[in-house]
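K.L.:
I'd like to ask some things about the structure below.
Every read-out reported here was derived from the displayed coordinates using simple, explicitly stated rules and does not represent laboratory data. Keep in mind the model is a prediction, meaning the values are calculated, not measured. A quick note on method: Cβ atoms are made from the backbone with ideal geometry, for glycine too, and the neighbour counts reach across all protein chains shown.
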Amino acid sequence: MMVEEGKVESYGKRKIFALKEETFFILSVLIPTLIAFFIIRVVPITKTFIFSFFQWSLIDGVGSFIGLDNYFTLFKDRIFYEAFFNTIFFTIFTTIFSVVLGLLFAQLINQKIKFKSVYETIIFIPVVLTFVPVSLIWMWLFDWDNGFINITLQSLKLPRVAWLATPRMSLVSVTIVSIWKVIGYNMVIYSVGLKNIPSIYYEAARIDGASGFTLFRKITLPLLKPITLFVLVMAVINNLKVFTQVYVMTHGPQGGGAQVEVLVSDIYARGFVYFKMGTAAAESMVLLVVVLLMTLLQFRLAREM
C-alpha cells in the first residue's frame with residue numbers, strides 16, 4: 001500500500017513539474033511576442049491617434065491641440081474622397097477576381113492532370129516577385145506604342161487601349177496587375193483546403209445522382225467556408241493598404257501613367273510631401289477604421305451564411 005502511495009505521489013510531482021515546464025515554455029514564447037507586438041503595432045497606432053488631434057508638421061514638430069480640425073479638413077478635401085473611392089474600387093474588384101480565379105485554378109490543379117507541379121509553379125511565381133520590378137514590366141506591357149498587349153490587340157484587328165493615359169484606366173491597369181500577382185497565393189490556400197475534403201462526400205453525392213456544379217455548390221463551397229473567410233479577410237486588408245504598384249506605375253519617377261490617388265498614397269503625400277503630418281495621421285486613422293469595419297462585416301456575413 002505504501003509503495004502504491006509513493007508511486008502516486010511521484011507521478012503527481014512529475015505531472016506538476018511537466019505543467020510548470022509547459023507554462024514556462026508558453027510564457028517564454030508569448031511574452032517576447034506580445035512585447036514586440038506592443039512596440040511595433042500598439043505604440044505607433046496610439047501615437048498616430050493622439051497626433052491626429054494636433055497641428056503636427058515635419059518642419060515645425062508637434063504644435064498645439066486642435067481637436068477634430070484635421071478630420072474636418074480631411075472630409076472637406078476632394079482628393080481624399082477621390083482616394084477613398086479609388087481604394088474601395090480597387091479593393092472590391094481585386095478581391096473578387098483574385099479569390100474567384102484562385103479558387104478556379106485550385107479546382108483545376110486539384111484534378112488528375114499531367115505536369116500539375118509545373119502549372120502550380122507558373123501560377124505561383126508572381127507571388128514571390130516584388131511589386132517594383134513587376135510594376136515596371138507591366139508598364140512596358142501596357143505601353144501604347146511598343147507594349148506587347150497593344151501589339152497583340154492590333155494583330156487581332158482590335159483597337160489599341162490607352163492603359164495608362166487616364167486616371168480611370170490607370171486604376172484598371174493597376175487592378176489587373178494586382179489580381180495577376182495574388183492569384184497564385186489564393187490558389188495554394190484553396191488547394192490545401194480541397195485536398196482536406198474527404199472524397200467519401202463526393203462519392204456519396206454521386207451515388208445520389210449529383211454531379212458537376214452541384215457537387216461544387218453543395219459540398220466544395222460549404223466545406224471551404226473557413227478558408228474562404230481567411231482568404232477574403234486577408235485580401236481585403238492587403239488591398240485597402242495598396243500603395244507600391246500605384247506609386248510605381250502612376251507616381252514614381254518611372255511612372256508613365258496618369259496619377260492615381262489611393263488612401264495610402266494620399267497619406268504619404270500629406271505627410272512627406274506637404275509635411276502635414278496631423279492630417280496624414282487623421283487619414284491613417286480613417287483607414288484603420290475602414291479596415292476594422294470591413295473585417296467585422298466579413299465575419300458577420302460569414303457567421304450568417
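K.L.:
Within 10 Å of each residue's Cβ, count the other Cβ atoms and sort Trp140, Trp180 from fewest upward.
P.N.:
With the fewest neighbours first, Trp140, Trp180 line up as Trp140, Trp180.
K.L.:
What is the calculated FRET efficiency for Ile122 to Val29, with r their C-beta to C-beta distance and R₀ = 51 Å, to the nearest 0.05?
P.N.:
My answer for the efficiency is 0.85.
K.L.:
From Cα pairs below 8 angstrom and at least 6 apart in sequence, can you work out the relative contact order of the chain, rounded to a whole percent?
P.N.:
27 percent
K.L.:
Follow-up. Between Ile96 and Leu215, what is the FRET efficiency for a Förster distance of 30 Å, r being their Cβ-Cβ separation, to the nearest 0.05?
P.N.:
0.85
K.L.:
Hey, what do the phi angles of the stretch 96-112 turn into as Karplus ³J(HN,Hα) couplings, whole Hz, using 6.51/-1.76/1.60 and θ = phi - 60°, x for Gly and Pro?
P.N.:
Values per residue, Gly and Pro as x: 4, 5, 5, 6, 5, 5, x, 5, 4, 5, 4, 5, 5, 5, 6, 6, 7 Hz.
K.L.:
Tell me, what ³J(HN,Hα) does each residue in the stretch 75-84 have, in order and in whole Hz, if you take phi through Karplus 6.51 cos²θ - 1.76 cosθ + 1.60 with θ = phi - 60° and put x for Gly and Pro?
P.N.:
In residue order, the calculated couplings are 6, 9, 8, 5, 5, 4, 5, 5, 5, 5 Hz.
K.L.:
Using 1/(1 + (r/R0)^6) with R0 = 51 angstrom and r between the beta carbons of Ser199 and Ser64, what's the FRET efficiency to the nearest 0.05?
P.N.:
0.15
K.L.:
Ok, one more. By the scheme Lys and Arg +1, Asp and Glu -1, what is the net charge of all other residues having a beta-carbon under 15 Å from that of Val242?
P.N.:
-2
K.L.:
For the modelled label position 7 Å from the Cα of Leu129 along Cα-to-Cβ, which residues of the stretch 157-179 have backbone nitrogen atoms closer than 13 Å?
P.N.:
Counting backbone N atoms under 13 Å from the label point, the list is 177-179.
K.L.:
Using only the Cα atoms of the chain, what semi-axes does the equivalent ellipsoid have when each is the square root of 5 times a gyration tensor eigenvalue? Give whole Å, largest first.
P.N.:
Working: eigenvalues 360, 258, 64 Å².
Value: 42, 36, 18 Å, ordered largest first.
K.L.:
My understanding is that a pair violates if its Cα-Cα distance is over 20 Å; which of Lys47/Lys276; Lys114/Lys218; Lys181/Lys241 do that in this structure?
P.N.:
Lys114/Lys218
K.L.:
Quick check: residue separation of Arg160 and Ala302 times 0.36 nm, minus the Cα distance between them. What number comes out in nm?
P.N.:
46.9 nm
K.L.:
Next up: Placing one identical point scatterer on every Cα of the stretch 162-213 and ignoring solvent, what is log10 I(q)/I(0) from the Debye formula at q = 0.22, 0.23, 0.29, 0.31 Å⁻¹?
P.N.:
Normalising to I(0) and taking log10 leaves -0.84, -0.87, -1.00, -1.04.
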